[in-house]
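A.B. asks: Take this structure first; my questions come after.
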Amino acid sequence: MRLLSALLFPISVLYGTVTFVRNKMFDCGILPSEKFDVPVICVGNLSVGGTGKTPHTEYLVRLLSARYRVAVLSRGYKRKSKGFVLADEKTTARELGDEPYQIKRKFPDIKVAVDADRRNGISRLMQLPDEEKPEVIIMDDAFQHRYVKPSLSLLLTDCNRLYTSDYVLPAGRLREWKNGASRADIIIVTKCKKDISSEERENVIRQISPLKNQHVFFTYINYGKLIPVFGNSSDTPVNVTGRNPEVLLLTGIANPLPLKNKVEEFSSNIDMLSFPDHHDFSEADIRSVENCLKTDKDNRKIVVTTEKDAVRLLTNPYLSDEYKERFYYLPIKIDFCGGEAEEFDRIVFDKGVK
């Protein structure tokens, strides 16, 4: 892998130079960056996926929707639709993309829209009737979308793969040079251990070397109990502690290792089928899953997946009804290490929506 990265490094230099020049054009005003009257909070990263943007966006939705009319605006990665789409009760994951669809299902009372052109997306949201017009817009995965100037910018980085030790595409996973982090108001180190020590935190902060105006927070993943994929909102979460079920772990995410570590807490018998991030499960994929279940004569094996993958499975045309009751997902939320949620919330309200 190191040899491959070395071979790809010249391309990374070229790619990084292009993004550097583009950023300079925004900094100098050659390319326009529009500031809207409505507060806009940007959630993003420097790397290509895997930092936990969706659960952090959901945290902001829970925080802000108690006081404001909130809208989430996303590009809608891998959706089959084009242009601006405002979700309603009939909109599908194919039209929105899996993550915006997940957010809409979880928070049906907020506005969720997708548009590759974020300026157009915000303008369309602000054309809604006054009683529906958002008072705060959360832009998901928009750190590089500089045509919009956010009120507050959150940059996420995986604790296990900090952007400071990564490289620009294709030798690494960064979308731009590391100094792009200077645009962030808040840097959140994600996927940490719940009990991360002060020494470990200080070491990470030294590597990040934040600017004086930047705030650094640490978060960890808090898993819920298993929920049936094909159940309904009133289904009671399933507690499998002590049952030691056989598990087929089915994922289409950037890094399934944290999920596997969690499943190992209640199962010692795990098979895995892992696919790339945002993978659309094909007929052959589903047949592989079902063949694995067919070999289980006692019907003890269950399929465990992520909430993001679950929304794609809901409308998958290849999955047989006889196996649907054996599909479960593990919901996640993020929590702040060291009890820092109150300070984070204060900054969001003071700087993001005032």
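A.B. asks: Please list, in order, the residues from region 258-292 whose amide nitrogen is less than 16 Å from a point placed 7 Å along the Cα→Cβ vector of Tyr223.
C.D. replies: Once the point is set 7 Å along Cα→Cβ of Tyr223, 258-274 turn out to lie under 16 Å by backbone N, inside region 258-292.
A.B. asks: Quote the relative contact order of region 1-146 in percent (integer), defining contacts as alpha-carbon pairs under 8 Å separated by 6+ residues.
C.D. replies: Normalised by residue count, the contact order of region 1-146 is 33 percent.
A.B. asks: Return the subset of Lys104/Lys225; Lys35/Lys308; Lys90/Lys262; Lys78/Lys106; Lys80/Lys294 for which the Cα-Cα distance in this structure is over 29 Å, preserving the input order.
C.D. replies: Among Lys104/Lys225; Lys35/Lys308; Lys90/Lys262; Lys78/Lys106; Lys80/Lys294, the Cα-Cα distance tops 29 Å for Lys35/Lys308; Lys90/Lys262; Lys80/Lys294.
A.B. asks: Something else: Which FRET efficiency value, to the nearest 0.05, do you get for Val13 and Phe36 by plugging their Cβ-Cβ distance into 1/(1 + (r/R0)^6) with R0 = 41 Å?
C.D. replies: The pair Val13/Phe36 has a calculated efficiency of 0.70.
A.B. asks: Once you place label points 7 Å from the Cα toward the Cβ at Glu283 and Tyr68, how far apart are they in nm?
C.D. replies: Each label point lies 7 Å from its Cα, and together they span 4.8 nm.
A.B. asks: Sum up the charges of everything whose Cβ sits under 15 Å from the Cβ of Met25, counting Lys and Arg as +1 and Asp and Glu as -1, but leave Met25 out.
C.D. replies: Every neighbour counted, the sum reads +2.
A.B. asks: Calculated FRET efficiency, Glu342 and Ser268, Cβ-Cβ r, R0 45 Å, to nearest 0.05?
C.D. replies: 0.70
A.B. asks: Continuing with this model, one more query. Using the Karplus curve 6.51 cos²θ - 1.76 cosθ + 1.60 with θ = phi - 60°, work out ³J(HN,Hα) for each residue of region 45-55 in order, rounded to whole Hz, and write x for Gly and Pro.
C.D. replies: Ordered by residue, 3J(HN,Hα) equals 7, 8, 9, 8, x, x, 9, x, 5, 5, x Hz.
A.B. asks: Measuring from a point 7 Å past the Cα of Lys193 along Cα-to-C-beta, which residues in region 322-342 have an amide N at less than 14 Å?
C.D. replies: The answer is 338, whose backbone nitrogens lie closer than 14 Å to the label point.
A.B. asks: In Å², what does the accessible area per residue of region 34-160 work out to with a 1.4 Å probe?
C.D. replies: On a per-residue basis, 41 Å².
A.B. asks: Expected output is a single nm value to one decimal: the length gained when fully extending between Leu3 and Glu132, i.e. 0.36 nm times separation in residues minus the C-alpha distance. What is it?
C.D. replies: Computed gain between Leu3 and Glu132 is 41.0 nm.
A.B. asks: Oh, and also: What's the center-to-center distance, using Cα atoms, between region 161-182 and region 187-218 in Å?
C.D. replies: 17 Å
A.B. asks: If you don't mind, another one. Tell me the per residue accessible area of region 190-331 using a 1.4 Å probe; a whole number in Å² is fine.
C.D. replies: Counting only protein heavy atoms, the per-residue value for region 190-331 is 52 Å².
A.B. asks: Rounded, prolate or oblate: pick one for region 1-81, where a ≥ b ≥ c are the square roots of the eigenvalues of its C-alpha gyration tensor, a/c under 1.5 means rounded, and failing that, prolate if a/b is larger than b/c, else oblate.
C.D. replies: Oblate shape, in that a/c is at least 1.5 and b/c is the bigger or equal ratio.
A.B. asks: Give the distance, in whole Å, between the Cα centre of region 4-35 and the Cα centre of region 50-64.
C.D. replies: Taking the Cα centre of region 50-64 as reference, the centre of region 4-35 is 27 Å away.
A.B. asks: Sort region 57-104 into rounded, prolate or oblate with this rule: let a ≥ b ≥ c be the square roots of the eigenvalues of the Cα gyration tensor; rounded if a/c is under 1.5, and if a/c is not under 1.5, prolate when a/b is larger than b/c, oblate otherwise.
C.D. replies: Prolate shape, in that a/c is at least 1.5 and a/b is the bigger ratio.
A.B. asks: What does DSSP give for the chain in terms of the percent of beta bridges that are antiparallel, rounded to the nearest 5?
C.D. replies: The antiparallel fraction comes to roughly 20 percent.
A.B. asks: Just check the chain against the gyration tensor rule for me: Cα atoms, a ≥ b ≥ c as the square roots of the eigenvalues, rounded for a/c under 1.5, and otherwise prolate or oblate depending on whether a/b exceeds b/c.
C.D. replies: prolate
A.B. asks: While we're on this one: Please list, ordered by chain and number, the residues whose modelled amide H lies under 5 Å from the amide H of Leu226; skip anything fewer than 5 residues away on the same chain.
C.D. replies: Result for Leu226 returns Val238, Val240.
A.B. asks: As a test of the formula, what do you get for the chain when each DSSP H run with n ≥ 4 contributes -39,500 (n - 2.57) and the sum is divided by the residue count, at 222 nm and rounded to the nearest 500 deg cm²/dmol?
C.D. replies: Taking each H run of at least 4 residues, the total per residue is -9000 deg cm²/dmol.
A.B. asks: Then there is this: Once you have the Cα-Cα distance between Leu257 and Thr92, take 0.36 nm times their residue separation minus that, and quote the gain in nm to one decimal.
C.D. replies: 56.5 nm
The values are calculated or read from the model by the stated rules, or taken from the named source; none is laboratory data. From a predicted model like this one, the values you see are computed outputs, not experimental measurements. So basically every Cβ, Gly included, is an ideal-geometry build from the backbone, and we count neighbours across all protein chains shown. Heads up: the accessible areas ignore ligands, DNA and RNA and are worked out on the full protein's heavy atoms, side chains in. Shrake-Rupley method; radii C 1.70, N 1.55, O 1.52, S 1.80 Å.
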